[in-house]
Amino acid sequence: GFQIRLDVPLKERKYLWFTSSGLEKGTSSGSPAGMFGEIKDGTVYVTEGILKAEIAWMCTGNPYIGVPGVSNHKGLETVLRKLKEQGLKRVYECYDMDKMMELSCKHDEKSACRQCEHGIYLYHGECPRKRRKRDMIRKGCIKLYEICEELNVSCKRVTWDTDASGTWMEHYKGVDDWILRKEEKGHRKTA
């Protein structure tokens, strides 16, 4: 199957799979993980998004696995098992930084949140939509850690764009954004 990035999200989905699923004798893509680069020192980085993984690999030369969403760990487990046979020792979890987002309601979810849509401010309260999103990402992180533990491979979290308390500052969400930002700054220094 092909993964297609939509210009306009459909029911909050930015990506769709183009497959023969639903057709007679058709098949699903199965949401596979994408591997970019080669394992050289027993290390691989895992991120949310196949395109993010490719960009991160192209910019750093480090091997990346991209999953088409943190909940899609079946393909990830398959890739990690194969890599373990090839000497995998370390995994760095680089899922999007909304895993570290602040949960207080700032009326910034707009039409995506019923309270915000109807002008109901929670002020010092917790945003239920942000809570669900963060919990989903953290659940995907935990599953990655469990897979690595089962394979006897170390797994460490990578974070960026955080304040002193470890909360995401909301400037750079994906590892690709962070890497590109660092590269841009580096180019400015040499120019």
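The values are calculated or read from the model by the stated rules, or taken from the named source; none is laboratory data. A quick note: this is a predicted structure, and the numbers were derived from the prediction, not measured. Note: ideal-geometry Cβ built from the backbone for every residue, glycine included; neighbour counts use all protein chains shown. Please note that ligands, DNA and RNA were not included when accessible areas were found on the heavy atoms of the full protein model with its side chains. Shrake-Rupley method; radii C 1.70, N 1.55, O 1.52, S 1.80 Å.
Charges only on Cβ, +1 for Lys and Arg, -1 for Asp and Glu: so what's the dipole of region 43-98 about the Cα centre, in debye to the nearest 20?
320
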Residue (of PRO128, SER104, HIS73) at the positive-pole extreme of the chain, dipole from beta-carbon charges
PRO128
Zone of ILE142 (label point 7 Å along Cα→Cβ, backbone N under 14 Å): which residues in region 59-92?
71
From the cross-link list LYS14/LYS99; LYS11/LYS182; LYS84/LYS156; LYS74/LYS106; LYS25/LYS143; LYS52/LYS99, the entries with a Cα-Cα span beyond 25 Å are LYS11/LYS182; LYS74/LYS106; LYS25/LYS143
Modelling each spin label as a point 7 Å along the Cα-to-Cβ direction, I'd like the LYS156/LEU23 distance in nm, to one decimal.
4.7
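From the square roots a ≥ b ≥ c of the eigenvalues of the alpha-carbon gyration tensor of region 46-91, which class results: rounded (a/c under 1.5), prolate (a/b over b/c), or oblate? Before the final figure, lay out the partial values.
On the way: a/c = 2.67, a/b = 1.14, b/c = 2.34.
Cα axes put region 46-91 in the oblate bin.
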Can you tell me the convex hull volume per residue for the chain, based on C-alpha atoms, in Å³ to the nearest whole number?
167
How many nm is it between the label spots at PHE2 and THR78, if each spot is 7 Å from the Cα in line with the beta carbon?
2.1
With springs connecting C-alpha atoms under 10 Å apart, model the chain as a Gaussian network and identify which of GLU85, GLU77, GLU12 has the largest mean-square fluctuation.
GLU12
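Using Cα-Cα distances under 8 Å and only pairs 6 or more residues apart, what relative contact order does the chain have, in percent? Let's see the in-between values first.
Details: 303 pairs, mean separation 37.3, N = 191.
With pairs under 8 Å counted, the relative contact order is 20 percent.
How much of the accessible area of the chain, probe 1.4 Å, is carbon plus sulfur, in whole percent?
Answer for the chain: carbon and sulfur cover 51 percent of the accessible area.
Magnitude of the Cβ-charge dipole of the chain, K/R +1 and D/E -1, about the Cα centre, nearest 20 debye? Please list the in-between numbers first.
Numbers: 34 positive and 28 negative charges, 22 e Å.
Value, rounded to 20: 100 debye.
For the chain, what does the accessible surface come to per residue with a 1.4 Å probe? Please give it in Å².
Numbers: 12010 Å² over 191 residues.
So the chain comes to 63 Å² accessible per residue, rounded to a whole number.
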Peptides 3-11, 176-184: what's the order by average Cβ count within 10 Å, highest mean first?
176-184, 3-11
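How much FRET efficiency would the formula 1/(1 + (r/R0)^6) give for LEU16 and LYS106, where r is the Cβ-Cβ distance and R0 is 41 Å, rounded to 0.05? Before the final figure, lay out the partial values.
On the way: r = 30 Å, r/R0 = 0.74.
That pair, LEU16 with LYS106, gives E of 0.85.
Using 0.36 nm times the number of residues separating THR60 and ASP163, minus their current alpha carbon distance, what extension gain do you get? Present the calculation step by step, with values, prior to reporting the outcome.
Working: separation 103, 0.36 × 103 = 37.08 nm, distance 2.45 nm.
Here the segment from THR60 to ASP163 would lengthen by 34.6 nm.
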